[in-house]
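The values are calculated or read from the model by the stated rules, or taken from the named source; none is laboratory data. Since we're looking at a predicted model, the values are computed, not measured. So basically every Cβ, Gly included, is an ideal-geometry build from the backbone, and we count neighbours across all protein chains shown.
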Amino acid sequence: MGAYHPHWPGPLLSPMRYRPFGNTGFKVSEVSLGCWQLGADWGDVSGEEADAILKTAVDNGINFFDTADVYGAGRSEAIIGKFLKSQNKKIFVATKIGRFSPPGWPENFTLDAVRTHVMNCKKRLQVGCLDLVQLHCIPAGEMKKGLVFEHLRALQQEHHIRFWGASVESVDEGFLCLQQQGICSLQIIYNLFRQKPESLIKEANRKGVAVIVRLPLASGLLAGKFSPSSSFPLHDHRNYNQDGQRFNVGETFAGIPFPKAVVLAEQIKPILEETAGSQNPAMAQRSLRWILDNADVTTIIPGATKSHQVRENILASSLAPLTEGTHRKLNSFYKEKVECLIRGPY
């Protein structure tokens, strides 16, 4: 666990803490909001509920949203763009490009295509300049060529984007991106079931690159509320992508077969409960706290399909850190029981 601080104080008067977002000069809420579910792939979130989720986030100290052009074919961005018009607070919005079609792969990585996607993001988000544009888990071969990074630099120089970064599937891809001059952020999957990225997180921090953690609850597994018989809506990726039928299997349940993952979540719960104390937080909050105990992480972006889930996630920011002993047990559990079950790029 990188840069662990066992003596951070317990709950503060304000439930939200903030961390520097790389070298941007902006301080971002350490618990932020992932907005995949506002577009698609998590069932159906109505426009009214989406607005309530965004408002609850901002009212409770969140100042960072993560979205992508492909989420609902632009629906997530459009909802956020409309919401931004009603706000007078600074909200840092990160979006992602590279998977939208047309034109699709491999044409998506030409300068013309990158420019088109960026302009469309600006239009949907209703902004003159995008805060952060991330490559959206594009093929490693395209990253190795380096041209797509040159395209982002060109659009940055033209003031269409302020900062650029990359969302990646594997540790190797992350290290590859860190070699690029000017990269602002790196987005990775990191949670109790996927602990391998810790060396990457440490190196990113050393270079002043912000680390955005997606899927911090492993598609909800680490909330501890599923059973082997749990089912999901037809249009929910936890239904149709459990074995990687549509995209990288690691994006769903951390790449672990669902029945086995539910058992693992039950087994890990008693370890997390050891230091619950009088705070008595839910399993989800303790799972998020485990990530936040790594001071090299910049922000986590759990999703929420209901407003109350936003408030519950935020509470992780005010929890006392887990003990060093608990961290050791959680790491041993991962190495002994979880690591061997992970599928997909890692």
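Here are some notes:
- Residues that are touching a Phe, Trp or Tyr at 6+ places or on another chain (Cβ under 9 Å) and farther than 22 Å from T116 by Cα number at least 3 in the following strands (runs of 3 or more DSSP E) confined to segment 14-101: 27-29.
- The residue of segment 164-183 that is farthest from G146 (Cα to Cα), among those that are in contact (Cβ under 8 Å) with a residue 60 or more places away in the chain and crowded, with 24+ Cβ neighbours inside 10 Å, is S167.
- Those residues of segment 310-326 which are buried (at least 17 other Cβ atoms within 10 Å of the Cβ) and under 22 Å from R19 (Cα atoms), in sequence order: V310, E312, N313, I314, L315, A316, S317, S318, L319, A320, P321, L322
For (1) within 27 Å of Q37 (Cα to Cα); (2) touching a Cys at 6+ places or on another chain (Cβ under 9 Å); (3) at pLDDT 95 or above, each residue gets a yes or a no:
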position	(1), (2), (3)
P281	yes, no, no
A284	yes, no, yes
W290	yes, no, yes
H327	no, no, yes
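- The test for being over 21 Å from M283 (Cβ atoms), in a helix (DSSP H, G or I) and free of Cβ contacts under 8 Å to residues at least 12 places away in the same chain does not hold for N205.
- Filter result for S332 (at pLDDT 95 or above, small (G, A, S) and either part of a helix (DSSP H, G or I) or surrounded by fewer than 19 Cβ atoms within 10 Å (Cβ to Cβ) (or both)): yes
- Residues considered: L186, L200, L221. Of these, the only one that is in contact with a Leu (Cβ under 9 Å, 6 or more places away or on another chain) and either more than 18 Å from P345 (Cβ to Cβ) or basic (K, R) (or both) is L221.
- Residue within segment 267-274 that is crowded, with 23+ Cβ neighbours inside 10 Å and either free of Cβ contacts under 8 Å to residues at least 12 places away in the same chain or outside any loop (DSSP other than H, G, I, E, B) (or both) present: yes
- Flag for V263 being closer than 30 Å to N23 by Cα, out of contact with any Leu (no Cβ under 8 Å at 6 or more places or on another chain), at pLDDT 95 or above and hydrophobic (A, V, I, L, M, F, W, C): no
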